[in-house]
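Just so you know, all these numbers are worked out from the coordinates, no wet-lab data involved. Please read all numbers here as calculations on a predicted model, not as lab measurements. Note that each Cβ is placed from the backbone with ideal geometry, even for glycine, and that neighbours are counted across all protein chains shown.
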Amino acid sequence: MAVKEFKAESKKLLDMMIHSIYSNKEIFLRELISNASDAIDKLYFKSLTDHSVTTKKEDYQILLELDKANRTLTLTDNGIGMTKEELEENLGTIARSGSLDFKKDNKAEDIDIIGQFGVGFYSAFMVASRVTVISRAFGSDTAWQWESTGAEGYTITEADKEDVGTKIIMVIKENAENENYDEFLDEYNLVHIVKKYSDYVRYPIRMEREKTRAKERPADAGEDYKTEYETYTELETLNSMVPLWKRSKSEVTDEEYNQFYKDKFYDFTDPARVIVSRTEGTATYNALLFIPGHAPFNYYSRDYEKGLQLYASGVLIMDKCADLLPDHFSFVKGIVDSQDLSLNISREMLQKDGQLKLIRNSLEKKIKNELNAMKNNDREKYDEFFKSFGRQLKFGCYESYGANSDLLKDLLLFHSAKENKLISLQEYVDKMPEDQKYIYYAAGDSTERLAKLPAAELVLDKGYDLLLLTEDVDEFCLQVLRHYGEKDKEKEFKNISSGDLGLESEEEKKAAEEASEANKDLFEAMKTALDGKVTAVRLSTRLKSHPVCIASEGPLSLEMEKVLNAMPN
Ligand code: ADP
Ligand code: MG
């Protein structure tokens, strides 16, 4: 039996495959299962037009068998199989994808075939010292066996196989220094890998698993009978197949969504909101997003990693795809599944392209709309949400220098002095009396103290509301927004501790100026007495029951100066 050699380039490629394309050995299983699923898809697709296909839809399966003693792991599918020629072409030529051809030939873009690069199969050599593929193609009486131990080449011989489909037998490598291969002979680990990457493969992935159960209590068992246990095996389906996000929203209960969220994202409380979205058009994707009920303990630290799980046709590509989420919505958790992503060859990353951006922009709008709806229809919950994540939204405004203002401004809440609760800017503006020119705010440590500021009294006395800002980012955020309100009727934000408050009439202003002029010497003397601690002493029209107040000039308020001074350089 002559050994056929891989072509020279193929040898190098295979070596590269085994050593460098994948960052993680365990993905070999993802690749082989994806191939099996593709093969079943192809047969199923054929069955739609060809009635000689006798396999019933419910009989399709992918079977995983573990033989620890012989160190083998076997994967069998009852898909379309491969002829001798196909074994040569598809497995003998690296970077040749029969699946890609199939998609093209059948214009079957929408049947969701996973393969496209023609390299996935070789990832088996990352963990196996020998790979044997026994396959019988649909419509053929003969089965063929392809076998290889790696870069040296492969053999093809006739083989016995009763049913149509493909069986892949891998002899798992022996442990070596720093390399653990035994883990691929560990039942639990295999189940874990299947669930991690292939949970949403459409066909059942099954494995015979050993279980224990209590034996039936004999009828004549006496008082001191001790329950006896026996082991048995059961064929178990490992994957959940239909992803929750592909089921229609009306079919899924809230409880199911909540449970899914808690299991998947390790949270113990229900999400505040679930967003289910299916979009076709410029960006085709399914998304299932969650707005958590509370901030994770590390949310406002560097340790927190934002991102959504990214699936391509039901197969996990990335666990935390950061590019899918803008920073201001970094608290969102969830999943995106799309069939038209341009994956890189390892299918662990995306080639940078517009697709991801389209999805991200579309998700951003959806998240914003959902938050808005929550704000308008479920205010209590929104307040709760805002306490956890409002800070992030405000940062979003500030850090984008206003670029995200339009997106975020209506999601912001601030403490109203008048109503003693959180209100939106729209709510503030809606309640403004006709003659009010500005949106007033005061910034400081506590709402109680701010409400007692001399100028606060004055503003409130006029019947105007006042926003009490207690977070360091608040005032920066408002400065970036600059104003709020309908176009051409925008109201500027005004800090009550700096500048002209716009409260006095012309006469009042004039009287103040005159009084100022008359007492000039007194103020100079006060300034000198304060010995450089102030830049000026002035007469204020902003005081009612208080004798004196401290104020600042220019765009930075005293509070902002404090924040800036406290920041590390
Ligand atoms: P890809 O899946 O990207 O096409 P692979 O290296 O994983 O690349 O597989 C190469 C080709 O081998 C596939 O395109 C397919 O034609 C064929 N193939 C692999 N596994 C199977 C299988 N289990 N049944 C039928 N054909 C298969
Ligand atoms: Mg493949």
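General observations
- Checked against (1) surrounded by fewer than 21 Cβ atoms within 10 Å (Cβ to Cβ); (2) more than 16 Å from ligand 2 (Cβ to nearest atom), LEU73 meets all criteria but (1).
- If you go through the range 240-269 and pick out every residue that is closer than 17 Å to PRO296 by Cα, among the hydroxyl-bearing types (Ser, Thr, Tyr) and in a helix (DSSP H, G or I), you end up with 1.
- Set GLU31, GLU89, GLU85, GLU5: member being near ligand 1 (Cβ under 10 Å from one of its atoms) and surrounded by fewer than 18 Cβ atoms within 10 Å (Cβ to Cβ): GLU89
- Meets criteria (away from ligand 2 (no atom under 16 Å from the Cβ) and either assigned to a helix (DSSP H, G or I) or touching a Pro at 6+ places or on another chain (Cβ under 7 Å) (or both)) for LYS42: no
- In the range 90-135, the qualifying residues are those that are within 30 Å of TYR181 (Cα to Cα) and among the charged types (D, E, K, R), and the one that is nearest to ligand 2 (Cβ to nearest atom) is ARG96.
- Residues that are touching a residue at least 60 places away in the same chain (Cβ under 8 Å), over 35 Å from the mean Cα position of the chain (by Cα) and closer than 18 Å to THR132 by Cβ, drawn from the range 71-94: ARG71, THR72, GLY81, MET82, THR83, LYS84, LEU87, GLU88, LEU91, GLY92
- The single condition among (1) touching a residue at least 24 places away in the same chain (Cβ under 8 Å); (2) more than 13 Å from ligand 1 (Cβ to nearest atom) that VAL131 does not meet is (2).
- On the stretch given as the range 236-279, residues that are out of contact with any Gly (no Cβ under 8 Å at 6 or more places or on another chain), closer than 28 Å to ARG379 by Cβ and surrounded by fewer than 17 Cβ atoms within 10 Å (Cβ to Cβ) total 11.
- A count restricted to the range 44-82 and to residues that are away from ligand 1 (no atom under 14 Å from the Cβ) and among the hydrophobic types (A, V, I, L, M, F, W, C) stands at 5.
- The range 368-380 residues that are more than 20 Å from SER277 (Cα to Cα), paired with ones that are of a type in the set (Asp, Glu) and assigned to a helix (DSSP H, G or I) (beta carbon under 7 Å, 6 or more apart): none
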